[in-house]
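See structure below.
The values are calculated or read from the model by the stated rules, or taken from the named source; none is laboratory data. Computed from a prediction, not measured in an experiment: that's the story for all the values here. When we count neighbours, we look across all protein chains shown, and the Cβ atoms used for this are built from the backbone with ideal geometry, even at glycine. The protein model used for the area step is the full one, side chains on, heavy atoms only, and it has no ligands, DNA or RNA in it. Shrake-Rupley method; radii C 1.70, N 1.55, O 1.52, S 1.80 Å.
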Amino acid sequence: MPVPARAVLRSLRARVRPWSSPAGAVRPLTVGVVKEPAGETRVAMVPSVAKAFIKDGYTVTLEKGAGDAAGFPDSAYLEAGCAVKDRASVIQDGKVFFSINPPANEELHQFGGKTVVGWVGRLLPAGKEIVEAATKANVQLVDTTAVPRITIAQKLDVLSSQAKLAGHRAVLEAAYAFQRFHAPEITAAGKYPPANSMILGCGVAGLAAMGTSKALGAVVRAWDVRDVSDQVTSMGASWIKVDFEEDGAGAGGYAKESSAAFLEAQRATFHKHCKECDIVITTAAIPGRPSPKLVEDYMVKDMKPGSVIVDLAAAGGGNCTMTKPGEKYVTDNGVTIIGYMDGPGRMASQASQMYAQNMFNLVKHISPKEGASALMPLIDGHLAKGEEGDIVTRSIVCCKDGKAIEMPPPPQPTPPKPKKEAAPKKEVAPPDPFKEAAMNALTVTGAGAGILGMGAGCAGDMAMLANLGTFTLAGAAGYQVVWGVAHALHTPLMSVTNAISGTTALGGLMLMGSGNTGAEVLAGTAVAVSSVNIVGGFVVSKRMLDLFKKPGQPEHSYMLLAPGAVLTAAPFADPALIPATGVVSSLLCIGSIGALANVKTAFGGAYMGMSGVAGGLAATLAAMPPAALPAAGALLAAGGAGGAVLGAQVSPMALPQTVAAFHSLVGFAAMITAIGSHMLHPDANAVHKTAAILGNFIGGVTLTGSLVAFGKLNGNLGSAPMNLPAKNLLNAAMLAGQIGMMSSYLGSSGGMPEMVATAALSSVMGVHLVGSVGGGDMPCCITVLNSYSGWALVAEGFLLNSPVLTIVGSLIGCSGAILTKIMCDAMNRDIFNVLFGGINTVAPVKGQDTGPKEHVETSVAAVAELLANAREVLVVPGYGMAMARAQGAMGEVANVCRANKINLKFGVHPVAGRMPGQMNVLLAEAGVPHEWVLEMDEVNPDMESNDVVLVVGANDVVNSAAQELEGCAIWGMPVIEVWRAKKVIFCKRSMGGGYADLDNPVFYKENTDMLLGDAKKTADALAAKVRERLERV
């Protein structure tokens, strides 16, 4: 009869109390470990795990010499805080006993009223006898092999941990008996081929054997009755296909027996491969039944002399008909057959460590928070709840209080997803030549018509017409140049263009010396803030590029400052050279962007930009009234000094908000220069007035939009979007109002009210447009603001008839536009959604993630072990790494792995971080060579070849929901497909979502473990552990 839930809880509380002493102090639960029987080298407790038990409230007592055979002396246990006593004292004091093999049936009465945990095998004949004897002896018997094969119980599974050791040891035994090279060798004596190994059975042991065989250099082929060809090929082995269709999956994750017809086809296949192979390792076992015969006598007789068979299924009679369980011998034709049944015991130290850890995980599963005091009451409570109780506890407890406990049916494993056949590629109809030609003609005609319209507005103004030609040609050149910039250098690109955009100082200089006090004040202010941008921007750019420089690498790009010196002197030496100086300066600015195509030339690009800006300033200063030069020089010097101080203090982490702050200075300078120009030329022609009001408008939006972006990136403002009611209508109303003011301005004689109103309205629009964009879209937003600053310069160039400003502005505008396109494509964002402050909303989700929600956590030591045993490792960094300042530790991990011939590389998503290319800069700061850093499109095609992928502080950019959860916030976004790797480790603070606030299905996949905690502390510990582990090799 089912026990009511409340009664169970009352019973549980009542049972916790007996573990307290009368004084109220908690009495520790004593764990006992006695010596294993003769022939067993393993021990169920090791000193390092004993410390964990003691920390959790247990007292640990061992029999003298219990760990000697496994390499753990009594002194090590004493040092760990254990007690070491004689056998009788251990049995008397202990309440719960851990063992590899349970005590002999005739000894079980000594453990009456106590709990014995061991390798029972309750479903096997021998195990049933042990259960019966324990029941009679009133022993609570716990079978460690009965843990169900479910996700939450993976860390308790002794069968898997010991099978892995058996598979590894099988290869070592085979290598010793084979007496020839495993890997291909070219020696002074000639060339020798690799060993050919065949693995039959691809469970845990088989996969471990595959991995070790490949590590030794053998050519591996493998087979299993289940179709696990994907796993086999992912490990670098070839799949053996039996030409017969049959599903071999059985209950509990094991294989089932095969039909007679299948066995006949199987024998023919195995016979063929046995003739070709040097080493055969068999691992096929069916619990409770004789091992299937896979290799028969006639197959062995046809194998080459010197070949080796290692039969890991010898305990069940063997997969080879000639196996002698427990023995190793050589057949008449020279084939060595190894039938050892103690594979894990031949690695006693490692096997004991893994078994003991499984035991600790078991008690932590049952009593995760309460510790020792509640272990036994919780076991009772789980059993009392019946089917509602913990499935693990109900599966492993065999008997209690003198009564046998029936084992519940094992949960059925989730069936593997059927393999999706590659969908046939849709046949794309060949493009219609007529439509293509018509579209090209329409595009060119439209662009030409637009330029002709602008030319009509410039009729009679030859300087403006020349400027128009300059603008169009510079735009075409800039478009081609910017597309060539390497993704890794997108952050330096934005920094360099940001510095060059400080040429708004030229506009301010042109207005100085006019005699109009208001215009003079605005012009001087523009010069000062622009010079902050110029010097600060180039200092930051130089510091960033220095991070990409290898230690000891000679760098002489500073020689490209020589053209700047010449350009600075030329217009003062001969005023006739002023126009030519402007042309050369513009070319140097274009060249500086083009030089960012790769790291080798990027240093020269920064110096070319400095020379170009210096030449432009010199040409402008040389054309100014001499009386204005002292004030101009002072303003440039003061602003430049401020910029130098700011640029020298900026850390790579703060680059995004710094760039945003510098953008605001450009916007402010453009806005006040436009107003100052109007004050001097209120009756200018339509083109000049159009340029003035557009420069004012774009400058205002850039000013306040950049300040909002700075606040969000710097943490002064929340990252959530500012979703005001009817925000789209509000944007439309403000834009309509601006168009109305522009029409009024162009038709008025004065126009100062319209200019002031434009400055105010554009400032409000900047706040609303950028404020309505969420923090996750800030990378796109920064590139948009970068582009805006360029178009503000173009407007200023038309306003002041300055070819230099027009060329530089066109270049920067194109640069920002192209980066925006790249970012929006990488984030699957609609560019209009970013430009107009989140005008669109995310479509509703059409499906939901139905995968399991149980994640598996791991430890630093376990991850270090994975990395030490890997050959191919990929690290995917994200903004979490940057926030925790963990890039230094990850750089150390990379260097240690590379030094030990582990091919560790970094895979960077285009939008990882807060601005394009930020991860590349941070990794360069950590000393990671840029050759080790690859782009998303470079790592995705080879993802299956990675043994381990370590995701550090990234989420959305590796979220499989982008491909699996149609309609979600990131649906369709290109991501780094880490889940296709053999093993994925997420290093992050918590299970929370990323910017998109979306659960990541990869967290719950079978090949994923979570390493939760502070990224900096975890990364530091991991670096130390990896170094320690590899130094032992």
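Points worth noting:
- Total charge dipole magnitude, segment 856-1031, about the Cα centre, Cβ charges on Lys, Arg, Asp, Glu only, Debye to nearest 20: 560
- Per residue, segment 856-1031 exposes 34 Å² of solvent-accessible protein surface, assessed with a 1.4 angstrom probe and all protein chains in place.
- The alpha carbon convex hull volume per residue for segment 856-1031 rounds to 98 Å³.
- Nonlocal amide H pairs with Val295, under 5 Å, H built at 1.01 Å: Cys320, Thr321
- Magnitude of the charge dipole, segment 158-344, Cβ model with Lys/Arg +1 and Asp/Glu -1, debye to 20: 400
- Mean sequence separation of contacting Cα pairs (under 8 Å, at least six apart), scaled by the length of segment 856-1031, corresponds to a relative contact order of 30 percent.
- The heavy atoms of Asp401 offer some 110 square angstrom of accessible surface to a 1.4 angstrom probe.
- Database remark: amide H of Val84 closer than 5 angstrom to the amide H of Leu62 (H placed geometrically; neighbours at sequence offset of 5 or more, or on other chains; Pro and chain starts carry no H).
- Of all DSSP bridge pairs formed entirely within segment 158-344, close to 25 percent run antiparallel.
- The value of relative contact order for segment 158-344, using C-alpha pairs under 8 Å at least six residues apart, is 20 percent.
- For Asn101, the amide hydrogen comes within under 5 Å of the amide hydrogens of Trp119, counting only partners 5 or more places away or on other chains and with H modelled in the peptide plane.
- Expressed as a whole percent, the proportion of Cα-Cα pairs in segment 596-694 lying more than 21 Å apart is 56%.
- Given a 1.4 Å probe and the protein chains as shown, Trp119 ends up with an accessible area of around 80 Å².
- Building the convex hull from the alpha-carbon atoms of segment 158-344 and averaging its projection over directions returns 10.3 nm².
- Karplus-derived 3J(HN,Hα) values for segment 209-225, using 6.51 cos²θ - 1.76 cosθ + 1.60 with θ = phi - 60°, are 5, 4, x, 5, 4, 5, 4, 7, x, 6, 8, 10, 10, 8, 9, 8, 5 Hz; glycine and proline are entered as x.
- Which of Val232, Asn196, Thr282, positive extreme of dipole for segment 158-344 (C-beta unit charges): Asn196
- Our summary gives segment 42-88 a relative contact order of 43 percent, counting only alpha carbon pairs under 8 angstrom and 6 or more residues apart.
- Entry comment: accessible area of segment 596-725 is 34 Å² per residue, from protein heavy atoms only and a probe of 1.4 Å.
- Computed with a 1.4 Å probe over protein heavy atoms only, the accessible area of Tyr558 comes to about 110 Å².
- The phi torsions of segment 196-202, fed into the Karplus equation with coefficients 6.51, -1.76 and 1.60 and a -60° offset, translate into couplings of 9, 10, 10, 10, 10, x, 10 Hz, rounded to whole numbers, with Gly and Pro shown as x.
- Ranked by solvent-accessible area (1.4 Å probe, protein heavy atoms only, all chains present), the residues Arg289, Arg267 order from largest to smallest as Arg289, Arg267.
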